[in-house]
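Following: one structure in structure tokens, then a few remarks.
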Amino acid sequence: MSKYPLEAAGLEKRFTVGDGSELRILQGVDLRIGLGEAVAIVGESGAGKSTLLHILGALDRPSGGEVLVDGLEISQRTDEEIADIRNRGIGFVFQFHHLLREFSAEENVMVPCMIGGTDEVEARRRARALLERVGLGARLSHRPWQLSGGEQQRVAVARALVNGPVVLLADEPSGNLDEYTSSALHELLFRLRSEQGLSMVIVTHDTALAQRADRVLRLSDGVLTEVSERRATAEGHETPGVAREV
């Protein structure tokens, strides 16, 4: 495994708008995520946070620059190669869980395994183990519409982790949940991060969630800058550095 599960260098994203002019969403973004590190990305709506996350997760290609997942440069690879790297190395959690309505919780979690060629017995074993870990061992056969919003998002978290990714990308993971359920989801994410040494990049407007991260970065005018970082205290604990309001 690479020292840096996720890296980006000089990322650019440009679009041509209706009058033929160029709209620059990302302007030379550099990012390096360490092993087990949790990074929050904040910024105004429309700043390009989701666009950045999609490029980091190989759901979109940059106009310039490169992305490395576990040391592998992915931006210039074929669609088939990118899909394979994405399925094995990156987990996604979105604001809306995007579960398959006709599938049970267990079957939804199995999907990435089956896409990657894992046999059904092993896929089912992994799915059940993860659903137990997120507190849904008694909900294996439930369809999404039989689950609460928080439970559906827990299924989405299990699905994101089922192939043992090197990094988890989360786009407003609690943005559609009430305060109590959001807090429970945050606890789950950071517990799993601690247990698995998981690296995470979280796009969020939630100040409480951002402040739990090791670093907070702000995307503004296409440029990514550091807002705060956690520093070790004399007792060996981590404490947030001085931060502006996020």
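The values are calculated or read from the model by the stated rules, or taken from the named source; none is laboratory data. Not measured: the values here are computed from a predicted model. Every residue, glycine as well, gets a Cβ built from its backbone with ideal geometry; the counts of neighbours run over all protein chains shown.
For the reader, a short list of remarks on this structure follows.
- So Leu59, is it at pLDDT below 90, surrounded by fewer than 17 Cβ atoms within 10 Å (Cβ to Cβ) and outside any helix (DSSP H, G or I): yes
- Hits in region 14-56 (condition: assigned to a loop (DSSP other than H, G, I, E, B), surrounded by 18 or more Cβ atoms within 10 Å (Cβ to Cβ) and aliphatic (A, V, I, L, M)): Ala47
- Among the strands (runs of 3 or more DSSP E) confined to region 141-246, the ones with at least 2 residues that are touching a Gly at 6+ places or on another chain (Cβ under 8 Å) and either of a type in the set (D, E, K, R) or modelled with pLDDT of 90 or more (or both) are located at 167-171, 215-220, 223-232.
- Close pairs (7 angstrom Cβ cut-off, 6 or more residues apart or separate chains): without any contact (Cβ under 8 Å) to a residue 40 or more places away in the chain in region 143-160, among the small types (Gly, Ala, Ser) and in a helix (DSSP H, G or I) anywhere: Gly150/Ala184
- If the condition is being closer than 20 Å to Leu189 by Cβ, over 18 Å from the mean Cα position of the chain (by Cα) and touching a residue at least 12 places away in the same chain (Cβ under 8 Å), then region 121-142 contributes Arg126, Ala127, Leu131, Arg133, Gly135, Leu136, Arg139.
- Restricting attention to region 164-193, the residues being over 14 Å from the mean Cα position of the chain (by Cα) and touching a residue at least 60 places away in the same chain (Cβ under 8 Å) number 1.
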